[in-house]
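The values are calculated or read from the model by the stated rules, or taken from the named source; none is laboratory data. Owing to the predicted nature of the structure, the values given are computational and were not obtained by experimental measurement. Please note: Cβ atoms are built from the backbone with ideal geometry, for glycine as well, and neighbour counts cover all protein chains shown.
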Amino acid sequence: MNTWQKTQFFILRHRTGILVWVLAGVLALMPIFLRNPYTLGILNLIGLHVIVVLGLNLFIGYAGQISLGHAGFFGLGAYGSAILTTTCGLPPWPAMIITAAGLLVVALIIGVPTLRLHGHYLAMATLGFNYIVHLVLVQWDSVTGGPAGLSGIPSLSVLGWPMNSDLKFHYLVWTFAMVALTLCLNLVRSGLGRGLAALAEDEVAAATLGVDVKRAKIQVFVLSAVFASVAGSLYAHYFGYINPDAFSIFHSLDLVIMVVVGGMGSIWGTLFGAAFITTLPHFLGVFETYVDIIHGLILVVILLFLPQGFITGLVDLIKIRLARRRMAGTATERT
């Protein structure tokens, strides 16, 4: 085996890790080209959504379940960190860790009974959870600030270096996003990931093959809730102000649309889905008022014509066309 063959073998074997490092390098250089703070802020918001949607895609795309309530976990993560820092006086990092641990327990308590449900019943249960969370955030004025929200949330700091600008936060949030991406890519290739893939196809068949269906669903649900909690905490410490409107059921629907657009079961597609839906309102101009209607239309069109998701469907179409060309070329050579 010569040097070129060894290089090809190394690239094929470690292509996922190489892609992650290449993406990390591109993101590290992005602030050089995006000098506008507004544009950099949108990129940071994409990073926050990527963290949430990665976990949600594990639950929807790999476990084959449905959740319309992940904005509730996102909001609880934001409010948990905000309350612990502004009211209780805790430093941001401990507050963020305590909040994530608390939501792990909450997700476990909610998941054990809720995940006995299937299909539309599970969707309605998670939607109800999000509605209750949003109602509590609005009504519990003395703790959450009510509709006015909470302000004065301190920014995070790393080694005494405050993350109090778009540029500094860019590197922080995308570090978290790259860690989440790496964890998800490794998880789907593990025994748990293969079990989830079998679960998404057929629960009975998966159980027959030895997959602990109940445990696997709870595990991925809790993991996705922790991802949402971390993203919510980062959101609160980035903006310094939060209000309940940012965590309504409409935001949960947007998160699901991000999963569908990127491709259910496609980890890399998650990046595209989060980027597309996050940036879309900023390009609509006078039509921004109708963003929820436009999101709904996008969801319907993709489910009708590319049910695997935009990226996954596009890749599949390219593979099919290439295969047909190879078959046509082979047939021509034979004749």
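At a glance:
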item	result
Residue within segment 54-72 that is closer than 23 Å to T99 by Cβ, assigned to a loop (DSSP other than H, G, I, E, B), small (G, A, S) and touching a Phe, Trp or Tyr at 6+ places or on another chain (Cβ under 7 Å) present	yes
Residues within segment 171-192 that are surrounded by 17 or more Cβ atoms within 10 Å (Cβ to Cβ) and under 17 Å from the mean Cα position of the chain (by Cα), tallied	12
Residues being crowded, with 17+ Cβ neighbours inside 10 Å, under 21 Å from the mean Cα position of the chain (by Cα) and either part of a loop (DSSP other than H, G, I, E, B) or charged (D, E, K, R) (or both) - total across segment 193-215	0
Subset of segment 162-182 (residues that are over 14 Å from H49 (Cα atoms) and not aliphatic (A, V, I, L, M))	P162, N164, S165, D166, K168, F169, Y171, T182
Selection count where residues are hydroxyl-bearing (S, T, Y) and touching a residue at least 40 places away in the same chain (Cβ under 8 Å), scope segment 115-127	1
Whichever residue in segment 269-293 is touching a residue at least 60 places away in the same chain (Cβ under 8 Å) and surrounded by fewer than 19 Cβ atoms within 10 Å (Cβ to Cβ) and, among such residues, is nearest to W174 (Cα to Cα)	T279
Odd one out for A63 among (1) surrounded by 23 or more Cβ atoms within 10 Å (Cβ to Cβ); (2) under 24 Å from V173 (Cα atoms); (3) within 16 Å of the chain's Cα centre (by Cα)	(2)
Answer from V261, V204 - the residue that is β-branched (V, I, T), modelled with pLDDT under 90 and in contact with a Phe, Trp or Tyr (Cβ under 6 Å, 6 or more places away or on another chain)	V261
Per-region count, segment 121-161, residues closer than 19 Å to L84 by Cβ, hydroxyl-bearing (S, T, Y) and buried (at least 16 other Cβ atoms within 10 Å of the Cβ)	3
Conditions (1) surrounded by fewer than 15 Cβ atoms within 10 Å (Cβ to Cβ); (2) under 19 Å from S224 (Cβ atoms); (3) in contact (Cβ under 8 Å) with a residue 24 or more places away in the chain; number of the one not met by A101	(3)
